[in-house]
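Following this message is one structure expressed as structure tokens.
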Amino acid sequence: MKQIAPVALLLLAGCASIGPTTVPRDRLDYSEAITESWKRQNLLNIVKLRYLDPPVFVDVGQIVSGYTLETAMTVGGQVSSSRAVQGNSATLGGSGRFTDRPTITYLPMTGNKFISGLIMPIPPDAMFFAIQSGWPADVMLSHGLAAINGLRNSETTPGGREEPDPRFVRVTQLMRKIQVTGSVGLQLRRGPGGQTSTIIVFRAPDTAAETLADIRELRTLLGLSQEASEFTLTFGGLASNDREVAVHTRALMHVMSSMAQHVEVPAEHVREGRALPGASLEEPVREGSFRIHSGTEEPADSYIAVQYRNLWFWVDDRDLRSKRAFALVMLLFTLSDTDSDRALPLLTIPTG
């Protein structure tokens, strides 16, 4: 009978709440799963746009993961008289049951607000706020702009692809070079009604001569005054004067379509009219460039990979440029999200 007490204590300990122990594991596991599925969904939609296949977005609305732990214990015994044949006896029994019932709710992302976020141009000030906060200027401008002060970015139509104006490419390079020095700062000030913003340029007194030369070249390419320190930021293809920065921003759908040009597709798919023509695989690699590889076998070392049309498409995990450009898509989804009423994903984990 003395051995019953320790065993009983172990069974009773199983009745303690399992909730606290599940939080670290579940929080990280669900976070990783949602992030991975969101990356795959975006990659798949970029690839589908190369084939003029409409993209579809599905969001995770709610996760309810319920745990139930039930334990039972039975203890019995019999004490016989001194003359009984069977003598004394003791019985000990236990049982347990663990149940995990996760329920996940998916929400198709539709409606006027979401569609507007896809097809409406990204607000110009949102683009420059992102640059101001540290996002690489060349990546933001290369993917997010169709034109700046009349200098046009690359464009693709069913009839073919137009290469970017070399001056546009140079502007993105200069913006990045100046940004990296840290000697020039930007500040955005919203105008009345939020229709226009003002870019205020701050320059450190000890700015290097090379950086000053880059600034002069940038202003010359954009047709901006060499003396002004404030410029009006507007939406449009052409500036009306030398103190205006007119940007024609792309819509998120346009950004994804632009990235789709850099998807490697079989040459016969283009010849047969199944896929749009894309960027040349031999084009110079520069900041902001993007590449999605394809093949018949699942890649062994990928940042993200999906299957489509019996092929594997992936971003190489060693390709930092493409990974950064892909992360930009995730950021632009936030910048273009006009649905402030849409509820954020809710994670509920009841335990017992």
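The values are calculated or read from the model by the stated rules, or taken from the named source; none is laboratory data. What you see is a predicted model, and the numbers here were worked out from it, not measured in a lab. When we count neighbours, we look across all protein chains shown, and the Cβ atoms used for this are built from the backbone with ideal geometry, even at glycine.
Could you tell me which of the residues G77, G87 is over 30 Å from G273 (Cα atoms), at pLDDT below 75 and part of a strand (DSSP E or B)?
Of G77, G87, the one residue that is over 30 Å from G273 (Cα atoms), at pLDDT below 75 and part of a strand (DSSP E or B) is G77.
Here's something else I'd like to know. Out of the residues in region 199-221 meeting the condition of being at pLDDT 90 or above and polar (S, T, N, Q), tell me which one is surrounded by the most Cβ atoms within 10 Å (Cβ to Cβ).
In this case the residue turns out to be T211.
Taking F128 and the conditions (1) under 23 Å from R216 (Cα atoms); (2) at pLDDT below 85; (3) assigned to a helix (DSSP H, G or I), which numbered condition does it fall short on, given that it satisfies the others?
Failed condition: (2).
Sticking with this one: Consider Y67 carefully, then state whether it is modelled with pLDDT of 85 or more, of a type in the set (S, T, Y) and not assigned by TED's automatic domain parsing to the domain that holds Y303.
When the stated conditions are applied, Y67 does not pass them.
Quickly run through region 241-261 and pick out the residues that are part of a loop (DSSP other than H, G, I, E, B) and touching a residue at least 40 places away in the same chain (Cβ under 8 Å).
Hits for region 241-261 are R250, Q261.
Restricting to region 28-60, name every residue that is over 19 Å from W314 (Cα atoms) and without any contact (Cβ under 8 Å) to a residue 40 or more places away in the chain.
L28, D29, S31, P54
Right, next: If V180 satisfies every condition in (1) under 25 Å from F290 (Cα atoms); (2) hydrophobic (A, V, I, L, M, F, W, C); (3) crowded, with 16+ Cβ neighbours inside 10 Å but one, which is the exception?
(3)
A further question on this structure: Looking at (1) crowded, with 17+ Cβ neighbours inside 10 Å; (2) over 29 Å from the mean Cα position of the chain (by Cα); (3) at pLDDT 90 or above, which is the one condition that is false for F231?
That leaves (3) as the condition not met.
Also: Scan region 273-301 for residues that are acidic (D, E), touching a helix residue (DSSP H, G or I) at 6+ places or on another chain (Cβ under 8 Å) and either modelled with pLDDT of 90 or more or not assigned by TED's automatic domain parsing to the domain that holds W135 (or both) and jot them down.
None - no residue of region 273-301 is acidic (D, E), touching a helix residue (DSSP H, G or I) at 6+ places or on another chain (Cβ under 8 Å) and either modelled with pLDDT of 90 or more or not assigned by TED's automatic domain parsing to the domain that holds W135 (or both), so the list stays empty.
Taking the options L311, L328, L320, name whichever one is crowded, with 19+ Cβ neighbours inside 10 Å and modelled with pLDDT of 70 or more.
L328
I've got another one for you. Answer yes if at least one residue in region 179-198 is at pLDDT 85 or above and touching a strand residue (DSSP E or B) at 6+ places or on another chain (Cβ under 9 Å), and no otherwise.
Checking region 179-198: at least one residue is at pLDDT 85 or above and touching a strand residue (DSSP E or B) at 6+ places or on another chain (Cβ under 9 Å).
Yes or no: P205 in the same structural domain as R190 (by TED's automatic domain parsing), without any contact (Cβ under 8 Å) to a residue 60 or more places away in the chain and either among the hydroxyl-bearing types (S, T, Y) or part of a loop (DSSP other than H, G, I, E, B) (or both)? Outline the logic, then answer.
Values: in the same structural domain as R190 (by TED's automatic domain parsing): yes; without any contact (Cβ under 8 Å) to a residue 60 or more places away in the chain: yes; either among the hydroxyl-bearing types (S, T, Y) or part of a loop (DSSP other than H, G, I, E, B) (or both): yes.
Spelling it out, P205 is indeed in the same structural domain as R190 (by TED's automatic domain parsing), without any contact (Cβ under 8 Å) to a residue 60 or more places away in the chain and either among the hydroxyl-bearing types (S, T, Y) or part of a loop (DSSP other than H, G, I, E, B) (or both).
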